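Read the structure below first, then the notes.
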Amino acid sequence: MIEIDDLHKRYGDTTALDGVTFSVRPGEMFGFVGANGAGKTTTMRILMGVLTAGSGTVRRDGRELTFEHRRRFGYMPEERGLYQKMKVAEQIEYFGRLSGMGAGEARKATGDLLERLSLTERAGDAVDTLSLGNQQRAQLAVALVHRPEVLVLDEPFSGLDPLAVDALAEVLTERCRTGVPVLFSSHQLDLVERLCDSVGIISAGRMVASGTTESLRDRGGRGLLRVVVRNAAPGWTATLPGEVTERGDEVLLAGVDGDGQEVLHLAIKAGRVEHFGWQRPTLTEIFREAVA
Ligand SMILES: Nc1ncnc2c1ncn2[C@@H]1O[C@H](COP(=O)(O)OP(=O)(O)OP(=O)(O)O)[C@@H](O)[C@H]1O
């Protein structure tokens, strides 16, 4: 378990973190989301010991983090950090060795990751000859090579093509299933919603919502009532309750009290009802509301 407890951090007059608290359990994939400048990178840097907090603590299984703990973590920093002239495979192996792997073990883990991330053909090329997306894949391989006990990744999916997104999602899910806590930041909320067990939303240095993806969606209440009526007479929506949005035959109603049966009756009278159901808010909608 990784526990982030009441972190505060100031840069001069700017308050970057103002009491950030959350935890990531073993085998949990935690999506860390927030607007630009909300404090995600600062939190992850403190977690990794790259930056010191003004106050607050970061613990692993109840003990304050030490250098030894962090050596067994996998970290992908925002500023990325590959040696541009070094060859891809050499570099991944090198970082594996730095983290204490034997030569054979590091070579094998590098080969496996290159394969998984579709980089095998570029193994012998210098990093600065790779496209940005491929450099990102190499950077991810560096974070993963030593089979870290905890993963902390700052926007690992940004700039990846859809196939690379899927490949990385698969690797992270596998690692997570072995009990590794995975914390990553992202602005791709659909991806966070699809992959993560839990989500933390940070706004102006404070956690404004956190919990399992399902609990956050439930907390948004029943959400919108979605009704699709074919061949309805124009104007049938005029007497519907709530705030009505029409998109062709589809009608979305916000703020409907009760179970919506009255809407269903009106819809049946109006035409052929093809769909009638509640739509829980998406993570994007929850995010917008939380940071508003
Ligand atoms: N080295 C620094 N010096 C001064 N202010 C800083 C520094 N680093 C970050 N900040 C400020 O701290 C706040 C939090 O920044 P941080 O980089 O943690 O946000 P973020 O959530 O990672 O943003 P993004 O999504 O844009 O990467 C911002 O107001 C930022 O301007």
Next on the checklist: Condition first: assigned to a strand (DSSP E or B) and without any contact (Cβ under 8 Å) to a residue 24 or more places away in the chain. Now tell me which residues in segment 16-59 satisfy that.
Outcome noted: S23
Checklist entry - Restricting the first residue to segment 248-270 and requiring it to be touching a residue at least 40 places away in the same chain (Cβ under 8 Å), which pairs with a second residue that is in a loop (DSSP other than H, G, I, E, B) meet a Cβ separation below 7 Å and a spacing of at least six or different chains? => result A270/A232; A270/A233
Checklist entry - Residues of segment 16-40 being open to solvent by less than 60 Å² (accessible area, probe 1.4 Å) and closer than 14 Å to A204 by Cα, which ones? => result A16, L17, D18, G19, V20, F32, V33, G34, A35, A38, G39, K40
Next on the checklist: Given (1) charged (D, E, K, R); (2) within 16 Å of the ligand (Cβ to nearest atom); (3) at pLDDT 95 or above, identify the lone condition not met by E78.
Outcome noted: (3)
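Name the single residue that is farthest from the ligand (Cβ to nearest atom) among those in segment 41-50 being open to solvent by less than 60 Å² (accessible area, probe 1.4 Å) and farther than 14 Å from G205 by Cβ. Walk me through how you get there before you give the answer.
Applying the first criterion (open to solvent by less than 60 Å² (accessible area, probe 1.4 Å)) to segment 41-50 yields 41-49.
Narrowing the set further to residues that are farther than 14 Å from G205 by Cβ leaves 47-49.
On the way: L47: 12, M48: 13, G49: 15 Å.
The extreme case among them is G49.
Does I92 meet the test of being aliphatic (A, V, I, L, M), within 17 Å of the chain's Cα centre (by Cα) and more than 16 Å from the ligand (Cβ to nearest atom)? Explain how you work it out, then say what you get.
Values: aliphatic (A, V, I, L, M): yes; within 17 Å of the chain's Cα centre (by Cα): no; more than 16 Å from the ligand (Cβ to nearest atom): yes.
When the stated conditions are applied, I92 does not pass them.
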Checklist outcome for this item: Residues in segment 12-40 that are aromatic (F, W, Y) and more than 9 Å from the ligand (Cβ to nearest atom) total 2
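Name the residues in segment 93-104 that are under 14 Å from P148 (Cβ atoms) and part of a helix (DSSP H, G or I), would you?
Scanning segment 93-104 gives F95, G96, L98.
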Item to check | Residues (open to solvent by 30 Å² or more (accessible area, probe 1.4 Å), more than 30 Å from V208 (Cβ to Cβ) and of a type in the set (A, V, I, L, M)) located in segment 242-292 | outcome: L264, L266, I268, V273
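I need the strands (runs of 3 or more DSSP E) fully contained in segment 138-244, keeping only those with at least 2 residues that are modelled with pLDDT under 95. Let's see the steps before the verdict.
Working: elements: 150-153, 182-185, 198-203, 206-212, 224-230.
Fully inside segment 138-244 and qualifying: 206-212, 224-230.
The values are calculated or read from the model by the stated rules, or taken from the named source; none is laboratory data. On a predicted model such as this, the values are computed, not experimentally measured, just so you know. Note: ideal-geometry Cβ built from the backbone for every residue, glycine included; neighbour counts use all protein chains shown. When the accessible area is computed, the model is the full protein with side chains, heavy atoms only, and any ligands, DNA or RNA have been set aside. Shrake-Rupley method; radii C 1.70, N 1.55, O 1.52, S 1.80 Å.
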